[in-house]
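Asker: One structure is given below, represented as structure tokens, and several questions about it will come after.
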Amino acid sequence: MTTSTTEVLVGGAVLAAAIAFGAYAVTSTGFSLTEHGYPLTASFRSLEGITAGSDVRLAGVKVGTVTGISLNPETYRADMALSVQDGVQIPDDSAIVISSEGLLGGNFVEISPGGSTFYYEAGDEILDTQGSVSLISLLLKYVAGGNE
């Protein structure tokens, strides 16, 4: 079996490009193997469009990540676990809302900070929540004349 220098160089270039693309993907998504931040929880009526790994934003800046979602069998609400970066203090009267990036954009978790001088600690639950609004249900209400 013979190999030419050109084949080896092209193979090396393809391998280098694949490694560079993988490194870019890891750094641009903020993926890390170690957990940096403190955990918080919240309970929502609906978490439509949110999955583990979704962004948690404060003033449009990513400050955390959704780490888990589960259904509470007693309340039939969606319980969400999230991690907020160390150094980002959230006032304890803040609200957490499911927001959309636009009509066709994805959903993310938005924290609306309050004015309290006390802050959430690791493991606390954010009580003031607002779930996602279904675009289909809004359109149906509009078409039906809002009488529902």
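Asker: To two decimal places, what compactness ratio does segment 96-143 give when its Cα radius of gyration is scaled by 2.2 N^0.38 Å?
Answerer: Compactness ratio reported: 1.53.
Asker: Provide Rg and Dmax in Å for segment 79-118, with only Cα atoms included in the calculation.
Answerer: Final numbers for Rg and Dmax: 12.2, 37 Å.
Asker: In the chain, which longest range has no chymotrypsin sites (Phe, Trp or Tyr not before Pro) that are both DSSP loop (not H, G, I, E or B) and surrounded by at most 10 other Cβ atoms within 10 Å?
Answerer: Working: sites that count: Phe31, Tyr76, Phe118.
The longest such stretch corresponds to 32-75.
Asker: Right, something else. Enter the accessible area per residue of the chain (Å², integer; probe 1.4 Å; all protein chains in place).
Answerer: Here the residues of the chain average 67 Å² of exposed surface.
Asker: Below 8 Å between Cα atoms, with a sequence gap of 6+, how large is the relative contact order for the chain in percent?
Answerer: Details: 243 pairs, mean separation 35.9, N = 148.
Reported relative contact order: 24 percent.
Asker: State the percentage of accessible surface on the chain attributable to carbon and sulfur atoms; use a 1.4 Å probe and exclude ligands, DNA and RNA. Numbers along the way, then the final one.
Answerer: Values: 6090 of 9950 Å².
Taking all protein chains in place, the chain shows 61 percent carbon and sulfur surface.
Asker: Compare Ser112, Ser132 by solvent-accessible area with a 1.4 Å probe and give them largest first, with all protein chains kept in place.
Answerer: Ser112, Ser132
Asker: Next question. At q = 0.11, 0.14 Å⁻¹, what is the log10 ratio I(q)/I(0) for the chain, with the Debye formula run over Cα points and no solvent?
Answerer: So the normalised log intensities work out to -0.56, -0.77.
Asker: Helix 5-29 versus the longest principal axis of the chain: what is the Cα-based angle in degrees, 0 to 90, to the nearest 10?
Answerer: On a 0 to 90 degree scale, this one is about 20.
Asker: List the relative contact order of segment 84-148 as a percent without decimals, with contacts defined as Cα pairs under 8 Å and 6+ residues apart.
Answerer: Numbers: 76 pairs, mean separation 22.2, N = 65.
Here the relative contact order equals 34 percent.
The values are calculated or read from the model by the stated rules, or taken from the named source; none is laboratory data. Since the structure is predicted, the reported quantities are computational estimates derived from the model, not experimental observations. Because the Cβ atoms are built from the backbone with ideal geometry, glycine has one as well, and the counts that use them run over all protein chains shown. What goes into the accessible areas is simple: the full protein's heavy atoms, side chains included, and nothing from ligands, DNA or RNA. Shrake-Rupley method; radii C 1.70, N 1.55, O 1.52, S 1.80 Å.
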